[in-house]
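Here is the structure we will look at.
The values are calculated or read from the model by the stated rules, or taken from the named source; none is laboratory data. Bear in mind that the values here come from a model prediction, so they are computed numbers and not experimental data. Here the Cβ positions follow ideal geometry from the backbone for every residue, glycine too, while neighbour counts run over all protein chains shown.
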């Protein structure tokens, strides 16, 4: 797929309404472009999620890790989120630098705020420092408690398009048109052997070619 088309899909995916990927119990959710060559943002897991109980999820190109923050660590992140709220920003926010770098930040504890952010946090003006600093830290977040997370289900999204190389047959019990019209939930057992996250699969059905992504779902999350 052409780079321009991938960039357009990324902006559309990150600009979705907050209800599109509800994460029950989340306080902070950050989605961002995967950044890996050949990746597809449609199936990318969230880059960072802080739950209200202190559990965190950190996503990469394909997989998620999970851990738990203590009360002081969780409170410190929520205070930084409040500092972003006090900036009284409206979406979209331009940080400067490369405009194709796009992220979506949702602050859900208290009064909800959703920001579509474009550009490089390192290029942000001093007035946007609380936002730029929070984004920088969440994009590269690490914690000693993090361990691999094994999703129990995935959101399947398909579109008619072509990837370089061969293609797979369609083994699922429902028609691929269902996954084209709306995300379809599949179990981890059904997804076994398929690429997941931002690594899409190429599928051939009745002379048509499709790009199929499997986005790992967090506990309680529904597409």
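Listed here are the residues, each with its yes/no results for (1) assigned to a helix (DSSP H, G or I); (2) surrounded by fewer than 11 Cβ atoms within 10 Å (Cβ to Cβ); (3) at pLDDT below 95.
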| site | (1), (2), (3) |
| --- | --- |
| 148 | no, yes, no |
| 151 | no, no, no |
| 156 | no, no, no |
| 162 | no, no, yes |
| 165 | no, yes, yes |
| 170 | no, no, no |
| 179 | yes, no, no |
Exercise. Being under 24 Å from residue 68 (Cβ atoms), surrounded by 13 or more Cβ atoms within 10 Å (Cβ to Cβ) and touching a residue at least 24 places away in the same chain (Cβ under 8 Å), is that true of even one residue in segment 109-122?
Worked result: yes
For this session: Check residue 107 against each of (1) modelled with pLDDT of 95 or more; (2) in contact with a strand residue (DSSP E or B) (Cβ under 8 Å, 6 or more places away or on another chain); (3) over 28 Å from residue 147 (Cβ atoms) and name the one condition it does not meet.
Result: (3)
Exercise. Would you say residue 84 is within 30 Å of residue 214 (Cβ to Cβ) and surrounded by 17 or more Cβ atoms within 10 Å (Cβ to Cβ)?
Worked result: no
Exercise. Does segment 175-186 contain at least one residue that is touching a helix residue (DSSP H, G or I) at 6+ places or on another chain (Cβ under 9 Å) and more than 28 Å from residue 67 (Cβ to Cβ)?
Worked result: yes
For this session: Within segment 4-21, identify whether any single residue is touching a strand residue (DSSP E or B) at 6+ places or on another chain (Cβ under 7 Å), at pLDDT 85 or above and assigned to a loop (DSSP other than H, G, I, E, B), and answer yes or no.
Result: no
Problem set entry | Residue, nearest to residue 40 (Cα to Cα), within segment 181-197, restricted to residues that are part of a loop (DSSP other than H, G, I, E, B) and in contact with a strand residue (DSSP E or B) (Cβ under 7 Å, 6 or more places away or on another chain) | 197
Problem set entry | residue 141 vs. criteria in contact with a helix residue (DSSP H, G or I) (Cβ under 6 Å, 6 or more places away or on another chain) and either at pLDDT 95 or above or within 30 Å of residue 82 (Cβ to Cβ) (or both) | no
